[in-house]
Amino acid sequence: MSVPRLDIDLRKIHDNASALVDSLGHCGISVTGVTKAMLGCPAIADAFLQAGVRSLGDSRIENIETLRTAHVSAPIAMIRSPMMSQAARVVASADSSFNTEVEVIQQLSAAAESTGKKHGVVLMVELGDLREGIMPADLECTVSEAFRLPGITVRGVGTNLACRYGVVPDQESMDRLSALADSIEATFGLTLDVVSGGNSANLKWAFGNVHTGKINDLRLGESMLLGRDPVDRRPIAGLHTDAITLVAEVIESKIKPSRPTGATAQAAFGDVSIPGDRGLVPQAILAVGRQDVDPDGLQAQPGVEISGASSDHLIVHSGRERLPVGTELWFEPNYSALLRAMTSPFVSKVIRPVRAGNSPAGPTEG
């Protein structure tokens, strides 16, 4: 098989998704499976749906169109505020979209009306992380304006935390979102289908024996794909952390000094820290680099230590033994590394499908 590559085990992803869907179901919360890290891969979407995920979400209209072209018929939400210039495409392919600007909703309304469609909107509320969101004091006014637009259905409210500043979702923030949902329902005499409390960072809150209030949806990607909690990147009990691995090949293996020789300045990607002197060490170079992956987001296999990276090279130390040229090493990516590797055209994607009974079939390369 070609390298570098991402090995993607659909059975393990299915297992992760199924476990989370089941656990959250006991809390009265459904799951929107987020496909953006996997570029709208239909096989991943299918694994999510088979595991009981209620709907799908993606931040790129191109990914949603890929899913529709593959005849994925499940409800799909555009989870980033649509560009005004893409409103018609969003209405054509997405059942709903997450929004914060009335001007955008007006464009969605025009597109929906011209095609005889109804488009759902979920209004995102700012609760502290300072990414997208309507200020709570302005929510009622925004709902009022959206409520009057033809072709638009106000489906719900939501929030996003832990993405920009790492603000941790807690009982206070979720209670506040629930209260806002209650207020909107009472004021406008409607029932909101969706109260979306956030993403995989909400899992500790959801499983913490708390009152979940009106929160009935979480948007999960990282936890189902990588089996880790985004708040601290620790493994989630019972989930696979190796459903997706990056595999790269050794192209050089030599004994070299552990410290550079000569005066140093900025490296290709800025300042680097100079390591302590460990004498001569076995150093291997792999044919993958920052153009393909975030090296800071890789966890190497046991016995291997990542020591540096440039555009096209990943440098590792391997204890006392030299690694033979041609050796393949594997790494577990975090969300940042996965996102970049999936986007790189130089990284092959090998999907191991799920057969009946969840037994893995042979790999397919994409």
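The values are calculated or read from the model by the stated rules, or taken from the named source; none is laboratory data. All figures in this text were calculated on a predicted structure; none of them were measured in a lab. For neighbour counting, all protein chains shown are included, and Cβ atoms are generated from backbone atoms with ideal geometry for every residue, glycine included.
Which residues, taken from segment 34-61, are of a type in the set (Val, Ile, Thr) and assigned to a loop (DSSP other than H, G, I, E, B)? Of everything in segment 34-61, those that are of a type in the set (Val, Ile, Thr) and assigned to a loop (DSSP other than H, G, I, E, B) turn out to be 35, 53. Taking the criterion of being over 18 Å from residue 335 (Cβ atoms) and in contact (Cβ under 8 Å) with a residue 40 or more places away in the chain, the residues of segment 273-308 that qualify are 282, 284, 286, 287, 291. Taking segment 314-324 as the range and being assigned to a loop (DSSP other than H, G, I, E, B) and within 34 Å of the chain's Cα centre (by Cα) as the test, the residues that pass are 318, 319, 323. Of all the residues in segment 120-132, those that are surrounded by 21 or more Cβ atoms within 10 Å (Cβ to Cβ) and either closer than 18 Å to residue 178 by Cβ or not assigned by TED's automatic domain parsing to the domain that holds residue 102 (or both) number 6.
Among the residues of segment 62-81, those identified as under 15 Å from the mean Cα position of the chain (by Cα) and in a helix (DSSP H, G or I) are 63, 64.
Could you pull out the residue among 89, 54, 60 that is in the same structural domain as residue 160 (by TED's automatic domain parsing), modelled with pLDDT under 95 and surrounded by fewer than 23 Cβ atoms within 10 Å (Cβ to Cβ)? Sole residue among the options that is in the same structural domain as residue 160 (by TED's automatic domain parsing), modelled with pLDDT under 95 and surrounded by fewer than 23 Cβ atoms within 10 Å (Cβ to Cβ): 54. Any idea which residue in segment 133-186 is surrounded by the most Cβ atoms within 10 Å (Cβ to Cβ), counting only those that are over 20 Å from residue 120 (Cα atoms) and polar (S, T, N, Q)? Per the stated criteria, the residue is 173. The residue of segment 306-343 that is farthest from residue 63 (Cα to Cα), among those that are at pLDDT 95 or above and charged (D, E, K, R), is 328. Within segment 257-268, can one find any residue that is in a loop (DSSP other than H, G, I, E, B), outside the structural domain of residue 203 (by TED's automatic domain parsing) and buried (at least 19 other Cβ atoms within 10 Å of the Cβ)? No, that holds for no residue. Does residue 18 satisfy the criteria of being under 19 Å from the mean Cα position of the chain (by Cα), surrounded by fewer than 22 Cβ atoms within 10 Å (Cβ to Cβ) and of a type in the set (Ser, Thr, Tyr)? Yes, satisfied. For segment 234-265, the set of residues classified as more than 21 Å from residue 324 (Cβ to Cβ), among the charged types (D, E, K, R) and at pLDDT 95 or above consists of 234, 242, listed by residue number.
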